[in-house]
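Data first, discussion second: the structure below is written as structure tokens.
Each value in this text was obtained by applying a stated rule to the coordinates, not by laboratory testing. Note that the coordinates shown come from a computational prediction; the quantities given were computed from them, not determined experimentally. Quick reminder, even Gly has a Cβ in these numbers, built from the backbone with ideal geometry, and neighbours come from all protein chains shown.
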Amino acid sequence: MAEITIVVADSQKLFCAALGRALDRETDFRLVGEASNARDVIATTATKKPDVVLLDPGLSGPGLMITIRSILERHPGARVVVLPHEDDAELLVSALQEGAAGYLPKDRGISELIRATRVVHRGETQIPRHMMGSLVSRLMHGARDRERALRRIFALSPQERVVLRALAEGRPSAEIARKLVLSPNTVRTHIQNILTKLGVHSRLEAVAFVTMNDLLEDLPA
């Protein structure tokens, strides 16, 4: 039987070590690394290339979502399982959207964690059965929100959509004017129209609208 290589990352070093020892007793598991902060688990995953990463969302560092993204950028084959202290439907949805393969609260016990590790290694997704309703509800709500956001985007003129993408990419007005061969006044007019049609009050809010609704790729370059 092929070994399942594992990295454990938890802010509590004693818990991390105890969990690592428990997993290492399984004949088909091999612990290849431990980490107590986000930067260490990202680096360890990049060098050790584990099959599964067991990840505490409370690690110090850049935050859970950036950590998941960074792990998968460096090792796309990793299967990340998030281990929160308690149920959190919003965290579950966000983690899955970033590419996590599983979610299991720590209070479910070591036997359940061992089972979940094997489940995600097989290519399946591990989600507690009692959280499926919350997951579906939030995904449907998110889909409706994005649909409403897209309707606002398509209310913009083609050139306004190009300007909005440039804003979302962090380009200043002068650069946008040069790129689109427009006068500064025309760019300002486009930006004001964008703010009005999106129902926001500043360039920063317009950029946040694009980012939060994952709309950048829906805008023309």
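Centre-to-centre, using Cα atoms only, segment 18-37 and segment 41-78 are separated by 15 Å. Give the shape of segment 1-57 as rounded, prolate or oblate, defined through the alpha-carbon gyration tensor: a ≥ b ≥ c are the square roots of its eigenvalues, a/c under 1.5 means rounded, and otherwise the shape is prolate if a/b is larger than b/c and oblate if not. Because a/c hits 1.5 or more and a/b fails to exceed b/c, segment 1-57 counts as oblate. Rounded to the nearest 5, what is the percent of antiparallel bridges among the DSSP beta bridges in the chain? About 0 percent, rounded to the nearest 5. Local charge for Leu31 was computed over the other residues whose Cβ lies under 9 Å away, with Lys and Arg +1 and Asp and Glu -1, and equals 0.
Remark: segment 65-78, residue by residue, has Karplus-estimated 3J(HN,Hα) of 5, 5, 5, 4, 4, 5, 4, 6, 5, 7, 8, x, x, 5 Hz, where x stands for each Gly or Pro and the curve is 6.51 cos²θ - 1.76 cosθ + 1.60 at θ = phi - 60°.
A Cα-only calculation for the chain places Rg and Dmax at 21.8, 69 Å.
In sequence order, segment 185-201 has phi-based couplings of 5, 5, 4, 4, 5, 4, 5, 5, 5, 4, 4, 5, 5, 7, x, 10, 10 Hz under the Karplus curve 6.51 cos²θ - 1.76 cosθ + 1.60, θ = phi - 60°, and Gly or Pro positions carry x.
In this structure the amide hydrogen of Ile4, modeled in the peptide plane, comes within under 5 Å of the amide hydrogens of Phe29, Arg30, none closer than 5 places in sequence on its chain. Between 0 and 90 degrees, the angle of helix 110-121 with respect to the longest Cα principal axis of the chain falls at about 60 degrees.
In the chain, the longest principal axis of the Cα atoms and the axis of helix 158-168 are about 50 degrees apart.
Our coupling estimate for segment 82-99, obtained by passing each phi through the Karplus curve with A = 6.51, B = -1.76, C = 1.60 and θ = phi - 60°, is 8, 10, x, 6, 8, 4, 8, 4, 5, 5, 4, 4, 4, 5, 5, 5, 7, x Hz, Gly and Pro reported as x.
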